[in-house]
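Peer 1: The structure under discussion is supplied below as structure tokens; questions concerning it will follow.
The values are calculated or read from the model by the stated rules, or taken from the named source; none is laboratory data. Quantities reported herein were computed from a predicted structural model and do not represent experimental measurements. Glycine gets a Cβ as well: all are built from the backbone with ideal geometry, and neighbour counts include every protein chain shown. Side chains included, ligands, DNA and RNA excluded: accessible areas come from the protein's heavy atoms. Shrake-Rupley method; radii C 1.70, N 1.55, O 1.52, S 1.80 Å.
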Amino acid sequence: HAVRRMLGRPPDSARRYLSRGVTVDGFLGHLTESGVRYAVLRWFETLPHVGAGEDLDVLVADQDLPIVESLLTPYRGLRPAQKIDLYTAGGLPRTTWGGVPYFSAELAARVLNRAVLLRGRYKVPSPVDHLNSLAFHAVYHKGAASGLPQDEPAGSPVRGRIGLALERLSRESFPGLELTLSALERHLARNGLAPSTTALPALAAERLRLYGS
């Protein structure tokens, strides 16, 4: 990272770090006050606190990327700094997942257009979009690593952080939704939220590279 900084060549990934002196509260609060269209995608319930070693996944509208990046650095410093995984709706360079947009175009638009304020300060997905975006993350980004089974008889206990979150969210928005990868994939397709056929190979390749499934 030090060499890349000297050469002015940032890593080709979505990973960023908060600039020195910028806190999570200050970062997100500035984005909200500036009218940036963004959303913290998951595990936001304890904001501004973020668990030790955990990253913050943020989706942002393409046109607002410069404002967001002004508070971040792509280079890992010598001192620990909060990790941010930064994705744009349209999949701009260095804000993609495996070279393609993080979400389908329709899902990204819904997440950004219908974001709500948590504690009056932090933009997060609405409950329905939270469920759908977490389902997309489980099916297309994590696969078996999500802890959800591909298929399982109805009534089987839900396990894992993602599964338990989906179970809670589904009670409010989609009662009876089966929490398996196959069922969630069908749910996303029915609601017009599945990725394009051209994006599927890249999503699968990145999932295999990161999680082996």
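Peer 1: So Ser70 ticks every box in (1) at pLDDT 95 or above; (2) among the hydroxyl-bearing types (Ser, Thr, Tyr); (3) surrounded by 15 or more Cβ atoms within 10 Å (Cβ to Cβ) but one. Which box is left unticked?
Peer 2: Just one mismatch for Ser70, condition (3).
Peer 1: Okay, next question. Write out, first by first residue and then by second, each pair whose Cβ atoms fall under 9 Å of each other, whose residues are 6+ apart or on separate chains, and whose first residue, in segment 67-82, is at negative phi and among the charged types (D, E, K, R) while the second is surrounded by fewer than 17 Cβ atoms within 10 Å (Cβ to Cβ) and part of a loop (DSSP other than H, G, I, E, B).
Peer 2: Arg76/His1; Arg76/Pro11; Arg79/Arg20
Peer 1: Another question, if that's okay. Pick from Gly77, Gly21: which is assigned to a loop (DSSP other than H, G, I, E, B) and exposed (fewer than 13 other Cβ atoms within 10 Å of the Cβ)?
Peer 2: Values: Gly77 fails: exposed (fewer than 13 other Cβ atoms within 10 Å of the Cβ).
Within the list Gly77, Gly21, the selection yields Gly21.
Peer 1: Could I ask something else about it? Against the condition touching a His at 6+ places or on another chain (Cβ under 8 Å), assigned to a helix (DSSP H, G or I) and open to solvent by 40 Å² or more (accessible area, probe 1.4 Å), how does Arg207 come out, does it pass?
Peer 2: Taking the combined requirement at face value, the residue satisfies it.
Peer 1: In addition: When the residues of segment 164-177 are narrowed to those that are outside any helix (DSSP H, G or I) and within 24 Å of Leu200 (Cβ to Cβ), which ends up least open to solvent (accessible area, probe 1.4 Å)?
Peer 2: In this case the residue turns out to be Leu177.
A quick yes/no check of all residues on (1) farther than 23 Å from Leu59 by Cβ; (2) within 14 Å of the chain's Cα centre (by Cα); (3) assigned to a strand (DSSP E or B):
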position	(1), (2), (3)
Lys123	no, yes, yes
Ala135	no, yes, no
Glu152	yes, no, no
Ile162	no, yes, no
Ser182	yes, no, no
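Peer 1: What number of residues in segment 24-53 are assigned to a loop (DSSP other than H, G, I, E, B) and at pLDDT 95 or above? Lay out the reasoning, then the answer.
Peer 2: Step one: filter segment 24-53 for residues assigned to a loop (DSSP other than H, G, I, E, B), giving 34-37, 41-53.
Then drop every residue that is not at pLDDT 95 or above, which leaves 34-37, 41-50.
Of the residues in that region, 14 qualify.
Peer 1: Quick check: anything in segment 136-157 touching a residue at least 40 places away in the same chain (Cβ under 8 Å) and basic (Lys, Arg)?
Peer 2: So far as segment 136-157 goes, yes, one or more of its residues are touching a residue at least 40 places away in the same chain (Cβ under 8 Å) and basic (Lys, Arg).
Peer 1: Here's a follow-up. In the list Thr197, Thr180, which residue meets the criterion of being of a type in the set (Val, Ile, Thr) and loosely packed, with under 14 Cβ neighbours inside 10 Å?
Peer 2: Exactly one of Thr197, Thr180 is of a type in the set (Val, Ile, Thr) and loosely packed, with under 14 Cβ neighbours inside 10 Å, namely Thr197.
Peer 1: If you don't mind, another one. Can you work out which of the residues in segment 80-118 that are over 16 Å from the mean Cα position of the chain (by Cα) and hydrophobic (A, V, I, L, M, F, W, C) is surrounded by the fewest Cβ atoms within 10 Å (Cβ to Cβ)?
Peer 2: Step by step, filter segment 80-118, then rank; the result is Leu117.
Residue-wise test of (1) touching a Pro at 6+ places or on another chain (Cβ under 6 Å); (2) surrounded by 17 or more Cβ atoms within 10 Å (Cβ to Cβ).
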{"site": "Pro125", "(1), (2)": "no, yes"}
{"site": "Val128", "(1), (2)": "no, no"}
{"site": "Ser133", "(1), (2)": "yes, yes"}
{"site": "Ala138", "(1), (2)": "no, yes"}
{"site": "Lys142", "(1), (2)": "no, yes"}
{"site": "Gly147", "(1), (2)": "no, no"}
{"site": "Glu152", "(1), (2)": "no, no"}
{"site": "Arg159", "(1), (2)": "no, no"}
